[in-house]
Amino acid sequence: MRLATKVAIVTGAARGIGEAIAKRFAEEGARVVVTDLRETGEDTAKAICDTGGEAVFFKCDVSQAEEVRNLIAFTIEKYGKLDVLCNNAAVNIPGSVVDLEEEVWDRTMEINVKSMFLTGKYAIPEMIKAGGGSIVNMASANSFVAEPLLSAYVASKGAILMLTKQMALDFAQNNIRVNCICPGWVDTTFNDAHAELFGGREKVLESIRDIQPIGRTILPREIANVALFLASDEASAMTGSAVVPDGGVTAK
Ligand SMILES: NC(=O)c1ccc[n+]([C@@H]2O[C@H](COP(=O)([O-])OP(=O)(O)OC[C@H]3O[C@@H](n4cnc5c(N)ncnc54)[C@H](O)[C@@H]3O)[C@@H](O)[C@H]2O)c1
């Protein structure tokens, strides 16, 4: 029970990596606020409760200040404190800077990056009140290496890496740790639109060994295990760090 007594928010937890993180946190004793734009976040919370865990769903668009403020207020009202914030929600709409619509660029930055400014703005004062906390931001191998036709996404993930380090400096004295995770290709539908530009998911998978040295996609639970470590007191000396479960992508 590595998160016993902890209260955690996981954003983008209706499916994929966020769903796996919410379930992993709950397995280790956390009370979890599952949040997402999608109503199906309710299913994640229900699955946790059905297996003896504690979770509740709160619908929230993390790019909207008022909704984020309400999310934090709801968490404090429901569970009395906030210990762990996992900023996982993101979008991935492919295109070069020439192809991409300006609105898509802006929306990507709002959802992927501004959301972390907003959640930090409202969550950190509550963590300070509670005597500390852990923030886990979902970055990407693309925080270090670019990919063709992924301009807004790659830029957003680069920004998350530096925002993580910056926030770590500001709040280290408050016992708040801020770290990020930089996964390689994880087996969710997240990359499908990008893969379409290169012949589709199955075709891209044929050359997985050239892309990801471990020769397979990564399971959401493998990323959830890293999030669990960073969220827990086992990572008590880590802040401003980037952990890179990328199957060897950035070793090349
Ligand atoms: N899948 C990969 O290969 C991979 C690799 C590196 C990093 N990541 C990162 O992992 C995270 C999760 O990715 P995933 O593969 O699980 O994707 P996913 O699309 O399965 O899940 C993303 C979730 O975020 C939610 N979301 C999107 N916009 C939102 C908003 N404005 N407000 C609230 N929720 C919103 C979606 O509804 C969805 O449930 C992302 O930050 C992504 O950048 C994924």
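Between residue 78 and residue 201, the FRET efficiency from the beta-carbon distance, with R0 = 41 Å, is close to 0.60.
I'd like the FRET efficiency for residue 40 and residue 222, computed as 1/(1 + (r/R0)^6) with the beta carbon distance as r and R0 of 22 Å, rounded to 0.05. List each step's numbers first, then the result.
Working: r = 22 Å, r/R0 = 1.02.
Efficiency for this residue pair is about 0.45.
Other residues within the sphere of radius under 13 Å centred on the Cβ of residue 49, judged by their own Cβ, net out at -2 (K and R +1, D and E -1).
In summary, the aspartates and glutamates within cross-link reach of residue 46, defined as a Cα separation below 17 angstrom excluding same-chain residues under 8 places away, comprise 19, 27, 28, 36, 54.
What the pair-distance distribution of the chain shows, using all Cα-Cα distances binned every 5 Å from zero, is 1, 7, 14, 19, 21, 17, 11, 7, 3, 1, 0 percent.
Just to confirm a number: summing +1 for Lys and Arg and -1 for Asp and Glu over residues other than residue 25 whose beta-carbon lies under 13 angstrom from that of residue 25, what do you get? Before the final figure, lay out the partial values.
Working: positive: 2, 6, 23, 24, 31, 221; negative: 19, 27, 28, 54, 83.
Counting the neighbours of residue 25, the net charge comes to +1.
Calculated from DSSP H runs of 4 or more alone, at -39500 (n - 2.57) each and per residue, what is the 222 nm mean residue ellipticity of the chain, nearest 500?
Details: 10 runs with 109 residues, N = 252.
Value at 222 nm, helices only, nearest 500: -13000 deg cm²/dmol.
Dividing the convex hull volume of the alpha carbon atoms of segment 155-204 by its residue count, what do you get in Å³ per residue?
Spread over its residues, the Cα hull of segment 155-204 gives 84 Å³ apiece.
Among the listed pairs 23/252; 59/129; 121/165; 81/157, a Cα-Cα separation exceeding 27 Å is found for 23/252; 81/157. For the chain, with the dipole built from +1 on Lys and Arg beta-carbon atoms and -1 on Asp and Glu ones, taken about the Cα centre, which of 58, 71, 128 lies farthest toward the positive end? It is 128.
Every number in this text was worked out from the coordinates using simple rules, so none of it is lab data. These numbers were taken from a predicted model, which means no experiment stands behind them. Neighbour counts run over all protein chains shown; Cβ positions are idealised from the backbone, glycine included.
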